[in-house]
1. Can you return the lysines within cross-link range of K248? Criterion is Cα-Cα under 30 Å, with same-chain partners fewer than 8 residues away left out.
2. Between 0 and 90 degrees, rounded to the nearest ten: what's the tilt of helix 35-44 against the longest Cα principal axis of the chain?
3. Can you tell me the orientation of helix 54-68 relative to the chain, as the angle in degrees between its alpha-carbon axis and the longest Cα principal axis, to the nearest 10?
4. Enumerate the lysines that K44 could reach by cross-link, defined here as Cα to Cα under 30 Å, with residues fewer than 8 away along the same chain left out.
5. Along the charge dipole of the chain, pointing to its positive end and built from +1/-1 on Cβ of Lys, Arg, Asp and Glu, which listed residue (G133, A232, A334) has its Cα farthest out?
6. Please report, in debye to the nearest 20, how large the charge dipole of the range 9-344 is about its Cα centre when each Lys and Arg carries +1 at its beta carbon and each Asp and Glu carries -1 there.
7. With springs only between Cα atoms under 10 Å apart, run a GNM on the chain and tell me which of A108, A273, A298 wobbles the most.
8. Over what distance in Å are the Cα centres of the range 59-125 and the range 252-296 separated?
Amino acid sequence: MRRSPAHRPLLATLKGERQSIPPMWLMRQAGRYLPEYRALRAEKGGFLAMALDPESACEITLQPIRRFGFDGAILFSDILTVPMALGQDLWFETGEGPRLAPPLADGAAIDALTPGAPDTLDPVYAAVEKIAGVLPPEVTFLGFAGSPWTVATYMIAGQGSRTQEAARRLAYGDAAAMQRLIDRIVATTIEYLARQHESGVEAVQLFDSWAGTLSPEQFERWVIAPNAAIVAGLRARCPELVIIGFPKGAGAKLVDYATQTGVDAVGVDETVAPEWAARALPAGMPVQGNLDPLALIAGGDTLARAVDRILAAFADRPHVFNLGHGILPDTPIAHVEALIDRVRGTR
Ligand code: 1CP
């Protein structure tokens, strides 16, 4: 489905056109800090049930747009849908987080994985179509997927991990098996994002949430190369699709990521000085970021100063205002409103 043409400031910025007021959206803007999300979740009985129900996914995607008028709406889904399509079972342990079975402990387990039913991701495309049909015309519609390294860390451990040690060990211990897993994730992700685009999203973000634990050589092989392969695959199939890359924790490696993957725009996390990013990234390349989610929780002067520093640092580039990582569940709604006022200059 193609949405009606309209001026969408976020999409224009991602294509390289600076706006005097930076467009904004917040990573994880659809979720637990919103009372209307928590109410629906209690009624529907859990995250996955909602993510795979097009009606619920549509409603949750729209909640932050209705409440705050953000410039971008991100599809309500998860990066762990791709492991489901690749054949792992996914569920969420209450109070703990995602579980994937069987965990891919070694090359034999990777090779034994048989793809799930071909219609596994159809509810996601149905949700995208529904949302594309009702989203206000000036709001850019964003799809997403996890980047292969980050998705692989969950597939290998069978759950989230603080250090990604199981995946890092496998990457050294059996690099060929790791490569086979990464190649499968790349192929499925290209298909997944192309179908999201064909169903109605205008831009996609590649979340590499765990890119920050890799050595430079490992970063080149497991972050830069697979993201470049996804970008190349998508360019061939969807020349209009805009791609944001977010290699969280990349630090100085952000420059190689930006120049070598072919993404249109890069997300910058909160550990990076915005003045450095503004200087170091290729001229004219759109940047997205990079307010510390904890500065948003702090609020008041701390928030105002942090926002002003980011706005000043990115004043000469196409800039999308965002957090450096996802909004935290205990973020006060009033602080989100204060942030929006500060960025848009109405207070
Ligand atoms: O209600 C609940 O308890 C569910 C919490 C939740 C939500 C709201 C999960 C489980 N996923 C989501 C939605 C989600 N996940 C979105 C929706 C759109 C939005 O941004 O509003 C997106 C983009 C994601 C992406 C995602 N999922 C990432 C990458 C971004 C990041 O935050 O680093 C990752 C790592 C995940 C895995 C995941 N899904 C859910 C949880 C709790 C986790 C993290 C698990 C862990 O590492 O232990």
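1. Cα-Cα hits under 30 Å: K15.
2. The two axes meet at around 30 degrees.
3. 30 degrees
4. By straight Cα distance, K44 reaches K130.
5. After comparing all options, I get A334.
6. 420 debye
7. Judging by the Gaussian network model, the answer is A108.
8. The two parts, judged by their Cα centres, are 26 Å apart.
The values are calculated or read from the model by the stated rules, or taken from the named source; none is laboratory data. Bear in mind that the values here come from a model prediction, so they are computed numbers and not experimental data. So basically every Cβ, Gly included, is an ideal-geometry build from the backbone, and we count neighbours across all protein chains shown. Quick note on the areas: whole protein, heavy atoms, side chains included, nothing else; ligands and nucleic acids left out. Shrake-Rupley method; radii C 1.70, N 1.55, O 1.52, S 1.80 Å.
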